[in-house]
Amino acid sequence: MSQSADVTLEVAENVGRRSHLARRMLKNPTGLFAIIVIALLILMAAFAPLLTSQDPDYADIRNILASPSAEHLLGTDSAGRDVWARLVFATRYSLLGAALATFLAAIIGVTSGLIAGYYGRWFESVSAWLTSLVMALPGLVVLLAARAVIGPTLWGAMAIFGVLLAPAFYRLTQAAVMGVRNELYVDAARVAGVKDPSIIGRHILTVVRAPVIIQAAIVTLIAIAIQAGLGFIGMSDPTIPTWGGMLNDAFTKMYQQPLLLVWPASIIALASVAFALFANALRDELERSAKPKKAKSKTKAAVNAEGAPAEVHAETEAAPRDLLLEVDGLVVGYDQPDGSLTQVVNGVSLTVRKGEVHGLIGESGSGKTQTAFSILGLLPEGGRVAAGSIVFDGDELTGKSVKQMRKIQGKRISYVPQEPMSNLDPSFTIGSQLVEPMRETLGISGKEAKARALDLLAKVGLPDPEKTFRSYPHQVSGGQAQRVLIAGAISCEPDLIIADEPTTALDVTVQADILDLLRGLQQELGVAVLLVTHNFGVVADLCDRVSVMQKGRIVETGPARSIFAGPRHAYTQSLFDAILEDGAARGSLSHSSDRHVNAGGAK
Amino acid sequence: MFSKKRALITTAAAVSVAALAGCSGGSSSDPTTSGASEGGSESGGTVTLGVIAQVTSFAAANANWANESPMMQAVYDSLLRMEPDGTISPNLATAWEWSEDRMTLTLDLRDDVTFTDGTAFDADVAAQNILRFRDGTSPNASNLGRVADATAVDEDTVEITMSEPDPALEVYLTQNAGLQESPAAFDTADVDTVPIGSGPYTLNVGETVAGTTYVFDKNPDYWNPEDQHYDRVVANVYTDSTAMLNAVQGGQVDVASVIDLTQLDQMTASGYGTVTNQLDWVGLILADRGGVLNEALADVKVRQAIAYAFDRDAILQAFSAGYGTTTGQIFPTTSSSFDEALDGTYPYDPEKAKSLLAEAGYADGLEITMPSTAALNQSWLTLIQQQLADVGITVVYEDVAPANFISDMVAGKWPATLMILQQDPSDYQLASFQIAADSTFNFLHYEDPTVEELIGEIQLGDEAAGAELNQYIVDQAWFVPFYRTDNTKVVAEGTTAEAQTGNTWPYLWTIKPVG
Amino acid sequence: MVQFTLRRLGAGVVLLFAITTIAYLLLYLSGGDIARQILGQTATEETVAKKAEELGLNEPLIPRYVNWLSDALHGDFGRSWFSSQPVAETITSRLSVTLTLVVGTVLISAIVSIALGVWAARKRGWVDRLIQVLSILGFAIPSFLIAILLVNVFALNLGWFQPTGYIRWSASPAGWLESVTLPIIALSIGAVAAVAQQVRGSVIDAQRQDWVRTLRSRGVRENKVIYKHVLRNAGGPALAVLALQFVGLLGGTLIVEQIFAIPGIGPLTIQSTTQGDIPIVMGVVVATGVVVVVVNLVFDLLQGFLNPKVRLS
């Protein structure tokens, strides 16, 4: 009898800005449809007496099961009562009943959820236990037994049902409150001496408000379904017209007057669909608002790759090595619902030569990570290369299918991510995540791959390769995980490693070790590296050549030494100045919004 | 919806019998159906019954009848047997005789019958079974309430002695009161679930799902193979009218109860024939003739006004799709006290009703509280409420759980109620069940000297008193009967069955394959 | 792990005790004259009184409950007051039927909703929208309407299936399949709708994880990324919803069992509760409680199997 009412749980964690949610709901087509249907039903309930001249209770014994006519718009039921009149009044009572159940469930569930989530401790244990108690108790037995005690009233049944459904709200609220209980702003309020009820009211309630509305729509839907179910088993309230009661009557006459079944069934289905759509649309809007804006610069759909040409420093080497990667006029953008393209890379050109380390430097939001992902062929959902070319070892990469790219990924171009912990699948051992790509790309046996993986783990400086091999990601430290990821990146002997801020997320003490490792491996293997970073220190340490990015463009490029010796572009100069002023400013930089774009907005 | 039409049907008509008057039962329609074989008779001799009641107990001492009779008759023999027309014929007892004073009934028993566990059937066993039934908790245990003792005279003769005469005793012995169970089963733990009888079939415990499907296999050693028409009897329990209809339309049952008469047309459209009799009357019991709970009802004019308020033809149509016969009396057509003229006593006349109410001082209307329950059809209650509202009587329904409906009613909680009640075939039975001051369904136990005197005369065998009593309670409007409802079974092509006098189900041995 | 299981089972026992107490109290309060209900309207008051005496209905609440409890603790759940059948047997036979339907429904809906959910999450666009709309319809349309539609079309009109009844696997596997097909479809539609939504959501979430990009960057085949890695990680939330469905279906089979005249626990629950057949109702309460406790435990263990963090802590 009870449907899952938990679908909204995850949303609670995702609540972000809620500005103009109501307005956005009205712009969302399904949301608008749902709101219109619900509004119509409520109007129907409110103005029931105006919608029909017939008495819903008048039973005309000489006119039972009549077909629709001018007098009886939808015909009459098995007691000769006007079906339209009953439908209109049933809407009133059924919606009120469902509202009662929802209201009670929400009051009980949200209140206890707030208390349990905020104060925790014994209240939480007791509530959790009561929740499982309610869930394990056969609801039907309770409803039927209670019916015998309190009579067949719709209100009684719905009130009991409200209590039975309270856990749906409880769990939602409790989880959401647990999530924010220790957030900074709540702490701040507490420190500032704001009283608990006021904190709950002002800060915490706002977090659960929208999820509670979603849950309420779903609980209303369930309450309507329960009324129908009670009607089906002949347990509807006989004293007032209800959808369930009409269904019950219609069922017994299903084969004599099938139309009778159509009306209550349709209105129940319509109302349920409306509430389900409402919940769905609201959830969609909430999820959308939880995502940060894709980028700062917005342009029309037309691709714009123009701008001042980059400052190019002359090559210092006598015999430049062969070209490995040549990016030319690359434009990356995200399609927007309104058809426009939000551009994040505006015509980047750069080259990486075999065996060299090329630093791609710029502040957060400059588009350097997007450039790196385009080369990897792994732009986040919605992103695409809008113009330009990426030629790798003589092979044009743009326009290649996922399948074709997969042959290049790993084997030719590999990737060292920024945040080690989130880049290992938590459900599989580190060993299996190393072995799997090697078996696929190199086509070697499992045994061989394992031996190789252990070698690699030793090579990246992990003290106990066997143990690390068997470990799950959550069992190793961030520095170890990054070593594992570097091992993974070199495991298939690529020609180019794209390292996206490989040290940013690590402790300062570990950073140097990882850089040392990278440098050592690069020299040993002779692999080219495109190093994405915002840190000039790293560039100075490792790079042969540097490209400086700003606002989706390369502003200056050339041998590292030349640029360090004489930065020409004002932006490059400002970056240098910043380092001099504050050597360790990366703390704030590392929480760049451009990283959130990479993660697709998931928290 | 499934609980609705059950509570009343299951128990009604358990004891009604027309045998004493020697009449044929009810208005049974053509029981036979034609032609092509289908269902059970074809598939290795299985007949599938669609019944509406699960077996309450398989112990003979606690046995129910009526809707459970097919399952009981499959496994047990009764001492006597009733033919479809109500005549009583030999069964386990080959001959029987009353003593002059009608205080002793002597029965000669067959000596060639053994129970399926090998135990022999004899007079001592018969005596034990009779006494066990009397002392058991069958709903009909009181049928043997006047039996003082039962003893074995010799191997194959049993003697039943009475505390007072009961002319219906032979009839009872054709029903659950006469079922014979093996004494070896009496004290077993599963006496209520595993029957050991001498009947034509044995319960297949392995395939039976209690409450849902009862499977019976042919008893290979049965003493009367003529009554075994099938190798297997299956009884499926359907509590929901829609499920029953689906089973019928899908051809899954050979003989089935019609739970909702308004579905009968769909059933016959699927090629089923019908077997029909009439056992129950549908209408109001105006029990508060003494005005204990509602003083208005003490006024005969008010009661008559209520009787005038109902359009019986329309009610019959609305309640049972016309399957029944309108009536104004609770006596069955088979009773000599039945008087067709009485049916016209209270024609539909709202004006007359209103003027009677005005005469009684209720020109401004009055209020009556009646029970409403999920065991009664809600639209029936609504229509009754409306008919009375049309003449100025407000019915206030007080809801009661189905489990409490009958008990609260007979405990005298309401002044009046809608009810479906059996039309006991003998006037005395009927009077002592529904009319007499101490009867169950005179539930406020109103005592009317005229009535009590007439009942006394009936007990002494005065037939005229019955007619007089009928006339009196119709005039006094003790009841407002609407119609006698059809009791209908649908029968698949290839199967025949005969309507049984006094029982809702055809007796098992009348259910046969065609040809 | 063992300790976790034991602790949960211990909590389950306490829970069962609480549930039975509440249920018994409720049933006692809803009371009514059960002896009269058993015997019907023809029985005399005398017989009714005798029956009440026999069943111990005249005893007060506490001794009755204590009696029941001590018998139950000894494994004796008594006999139905209305059919004399031993409660344990009745419940076992009924529950096995209902569990067949529920497990069948859960399995089918797990498979179908994983397929649909993954499809919607990967394709997005119109496939996603279509599946979303169908889910909402499936979620919102009452299962009895679906059941009635199925009976009329596939059983009565086309004659492909039998309209009512249940055939045991042991009696005829083909017959069993025929008898459970329509009920399971009717039940699955709502379950699929709920679970597919959840799968879709968690797959989309999981796809956005950083490690998915890293796996792809290593050259791992897309199908392996989705079906091995993404699905494994999306499995947790989907399992949670499935567990809820399982518990919900225990009650939800009722109407479908009614329409198909299937001898499951649902009709028994209604019948015994409305009649006041306390031994049976208590049996149902205990059985449901046990199933809920066990199912939740099993799903939690599965959850642990999917999530090494839970498993290893």
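Counting only protein heavy atoms and a 1.4 Å probe, tell me what percentage of the range B:279-486's accessible area is made up of carbon and sulfur.
46 percent
As a check on your grasp of the helix formula, calculate [θ] at 222 nm for chain B: sum -39500 (n - 2.57) over DSSP H runs of n ≥ 4, divide by the residue count, round to the nearest 500.
Mean residue ellipticity, 222 nm, calculated: -6500 deg cm²/dmol.
How large a share of the accessible area of the range A:17-290, in percent, is made up of carbon and sulfur atoms when the probe is 1.4 Å and the other protein chains stay in place?
Ligands and nucleic acids excluded, carbon and sulfur reach 69 percent.
Run down the aspartates and glutamates and flag those whose C-alpha is under 16 Å from the C-alpha of B:Lys512, throwing out any fewer than 8 positions away in its chain.
B:Asp30, B:Glu38, B:Glu42, B:Glu83, B:Asp217, B:Glu226, B:Asp227, B:Asp231, B:Asp254, B:Glu493, B:Glu498
Would you grab the residues whose amide H sits under 5 Å from the one on A:Ile554? Only those 5+ places off in sequence or on another chain, please, with H modelled 1.01 Å from N.
A:Ser349
Mind putting a number on the dipole of the range A:17-290 about its Cα centre? Charges go on the C-beta only, +1 for Lys and Arg and -1 for Asp and Glu, and I need it in Debye to the nearest 20.
Computed charge dipole of the range A:17-290: roughly 940 debye.
Would you mind pulling out the separation of the Cα centroids of the range B:314-355 and the range C:131-181, in Å?
Using only Cα atoms to place each centre, the spacing works out to 45 Å.
Can you pick out the pairs among A:Lys411/C:Lys228; A:Lys551/C:Lys123; C:Lys123/C:Lys224; A:Lys411/C:Lys123 whose Cα atoms lie more than 23 Å from each other?
From the list (A:Lys411/C:Lys228; A:Lys551/C:Lys123; C:Lys123/C:Lys224; A:Lys411/C:Lys123), the Cα-Cα distance tops 23 Å for A:Lys551/C:Lys123; A:Lys411/C:Lys123.
Normalising by the residue count of chain B, find the relative contact order in percent from Cα pairs under 8 Å and 6+ residues apart.
24 percent
What angle do you read, to the nearest 10 degrees and between 0 and 90, between the alpha-carbon axis of helix C:87-123 and the longest principal axis of chain C?
In chain C, helix C:87-123 runs at an angle near 20 degrees to the longest axis.
For the range B:61-187, calculate the relative contact order in percent as a whole number, restricting contacts to Cα pairs under 8 Å that are 6 or more residues apart.
For the range B:61-187, the relative contact order is 33 percent.
What accessible area, summed over both chains, is buried at the A-B interface (1.4 Å probe, Å², nearest 100)?
So the buried area, both faces added, is about 2200 Å².
Rounded to the nearest 5, what % of DSSP beta bridges with both residues in the protein assembly as shown are antiparallel?
70 percent
Check which residues have an amide H placed less than 5 Å from B:Ala150's amide H, if you skip close sequence neighbours.
B:Thr161
Would you be so kind as to identify which of B:Phe216, B:Gly197, B:Ala148 lies farthest towards the positive end of the dipole of chain B, taking Lys and Arg as +1 and Asp and Glu as -1 on Cβ and the Cα centre as origin?
B:Phe216
Quick query: amide H of B:Thr369 versus all other amide H atoms, modeled in the peptide plane; which residues come in under 5 Å with a sequence gap of 5 or more or a different chain?
HN-HN under 5 Å from B:Thr369: B:Val396.
Residue by residue through the range B:73-80, what is 3J(HN,Hα) from phi via Karplus (6.51 cos²θ - 1.76 cosθ + 1.60, θ = phi - 60°)? Round to whole Hz and write x for glycine and proline.
Each residue of the range B:73-80 in turn: 5, 5, 9, 10, 9, 9, 4, 10 Hz.
Between the helical axis of C:45-55 and the dominant principal axis of chain C, each derived from Cα atoms, what acute angle in degrees is found, rounded to the nearest 10?
60 degrees
At 24 Å minimum axial length over the Cα atoms and a Kyte-Doolittle cut of 0.5, report the qualifying DSSP H helices in chain A, or say none.
Membrane-span-like by this rule: A:29-46, A:83-119, A:154-181, A:205-232, A:259-290.
Can you tell which of A:Gly151, A:Ile240, A:Leu21 lies farthest toward the positive end of the dipole of the range A:17-290, using +1 and -1 charges on the Cβ of basic and acidic side chains (Lys, Arg; Asp, Glu)?
Result: A:Leu21.
Ignoring everything except DSSP H segments at least 4 long, calculate the 222 nm mean residue ellipticity for chain A; use -39,500 (n - 2.57) per segment, divide by total residues, nearest 500.
-17000 deg cm²/dmol
In Å² (nearest 100), what accessible area is buried between B and C, both sides summed, heavy protein atoms only, 1.4 Å probe?
That pair hides around 3600 Å² of surface in total.
How high is the relative contact order of the range A:17-290, in percent, with contacts defined as C-alpha pairs under 8 Å that are six or more residues apart?
Taking the mean separation of contacting Cα pairs over the length of the range A:17-290, I get 25 percent.
Quick one: 3J(HN,Hα) in Hz for the range B:491-496, Karplus 6.51/-1.76/1.60 with θ = phi - 60°, rounded, Gly and Pro as x.
Each residue of the range B:491-496 in turn: 10, 5, 4, x, 10, 10 Hz.
Helix C:61-73: angle to the longest alpha-carbon principal axis of chain C, degrees 0 to 90, nearest 10?
Long axis of C:61-73 versus the principal axis of chain C: about 60 degrees.
What are the ³J(HN,Hα) values, in whole Hz, obtained from phi via the Karplus relation 6.51 cos²θ - 1.76 cosθ + 1.60 with θ = phi - 60°, for each residue of the range A:412-422 in sequence order, with x given for Gly and Pro?
Listing the rounded values in order: 9, 10, 10, 9, 10, x, 7, 10, x, 5, 8 Hz.
State, in square angstrom and to the nearest 100, the accessible area buried between chains A and C, both chains counted, probe radius 1.4 Å.
Interface area, both chains combined: 6400 Å², rounded to the nearest 100.
Please give the charge dipole size of the protein assembly as shown, origin at the Cα centre, charges +1 on K and R Cβ atoms and -1 on D and E Cβ atoms. Round to the nearest 20 debye.
Dipole size: approximately 11320 debye.
With the full set of protein chains in place, find how many percent of the accessible area of the range B:105-224 is carbon and sulfur; take the probe as 1.4 Å.
Answer for the range B:105-224 is 44 percent, counting heavy atoms of protein chains only.
For the protein assembly as shown, report the accessible area per residue in Å² (1.4 Å probe, heavy atoms, rounded to an integer).
In whole numbers, the protein assembly as shown has 37 Å² accessible per residue.
The values are calculated or read from the model by the stated rules, or taken from the named source; none is laboratory data. On a predicted model such as this, the values are computed, not experimentally measured, just so you know. Here the Cβ is made from the backbone with ideal geometry for all residues, glycine too, and neighbour counts use every protein chain on show. Note: accessible area is taken over every heavy atom of the protein model, side chains too, but ligands, DNA and RNA are not part of it. Shrake-Rupley method; radii C 1.70, N 1.55, O 1.52, S 1.80 Å.
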